[in-house]
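The next block holds one structure in the form of structure tokens; read it before the comments.
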């Protein structure tokens, strides 16, 4: 039997999960407030995430003795993906936060079971903006879509969680590296091999953002993006509009100008 198959068997024996809920054969001991703090600050060996909430929860339980739980079928069946660049090792708190974002839920600690419980409603997104007249917003978990009244798409704001460094002197360099990673990652969809030097530094909510624009593969369209990290929170704002629609562009620029990180 291979190691991966052995792990799977152990998980099945120790854990049952109708919707990703964990039930151990042994009663778990509750963590003190200080122990919770220590656990949440612990860094994982990698930021890899795969599978649904339920299957990934089984992996966390078997590999890290970390029990995540939900009674919500929709949360339990949600496919999870890693927002973390390959070079970044997230804390357990950062991991729980991104799971909550992707499942449109919030999490809390249950001392009676020693479970980290996920439930609706979704945690409030850590940003605000002023909608342009006639535009509507639709929260889709990892991103919020903004639609104008005259075009099928307009602007999306992707939220990729919060990032940190255990070394205070490396905090800002870490945030810059995260920002650059997302900026080139998004822009490479339009222009493979794009570099930071091809982007323009602009201010968004008082921090340096990287701005990039490119014609879309579909004639007559223009892709625009702003990538930033503020207070550790990473965002990419993207917009695809008709290249000659000055009114919609003015609306997008107004909303980007009003963007504020609230946490």
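The values are calculated or read from the model by the stated rules, or taken from the named source; none is laboratory data. Model, not experiment: these values are computed from the prediction. Here the Cβ is made from the backbone with ideal geometry for all residues, glycine too, and neighbour counts use every protein chain on show.
Side notes on the structure shown:
- Pairs where the first residue, in the range 98-120, is at negative phi and surrounded by fewer than 16 Cβ atoms within 10 Å (Cβ to Cβ) and the second is assigned to a strand (DSSP E or B) and modelled with pLDDT of 95 or more, C-beta under 6 Å, 6+ apart: 108/117; 110/117
- Residue that is nearest to residue 261 (Cα to Cα), among those in the range 105-132 that are in contact with a helix residue (DSSP H, G or I) (Cβ under 8 Å, 6 or more places away or on another chain) and not in a strand (DSSP E or B): 129
- Single unsatisfied condition, residue 261 versus (1) surrounded by 14 or more Cβ atoms within 10 Å (Cβ to Cβ); (2) farther than 23 Å from residue 98 by Cα: (2)
- Of the candidates 261, 194, 238, 229, the single residue that is in contact with a helix residue (DSSP H, G or I) (Cβ under 6 Å, 6 or more places away or on another chain) and in contact (Cβ under 8 Å) with a residue 60 or more places away in the chain is 229.
- Where residue 175 falls short, out of the listed (1) out of contact with any helix residue (DSSP H, G or I) (no Cβ under 9 Å at 6 or more places or on another chain); (2) part of a strand (DSSP E or B); (3) surrounded by 20 or more Cβ atoms within 10 Å (Cβ to Cβ): (2)
- Residues of the range 11-57 that turn out to be surrounded by 13 or more Cβ atoms within 10 Å (Cβ to Cβ), in a helix (DSSP H, G or I) and modelled with pLDDT under 50, as a count: 2
- Pick from the range 133-163, criterion part of a loop (DSSP other than H, G, I, E, B) and within 27 Å of residue 85 (Cβ to Cβ), ranking: modelled with the highest pLDDT: 163
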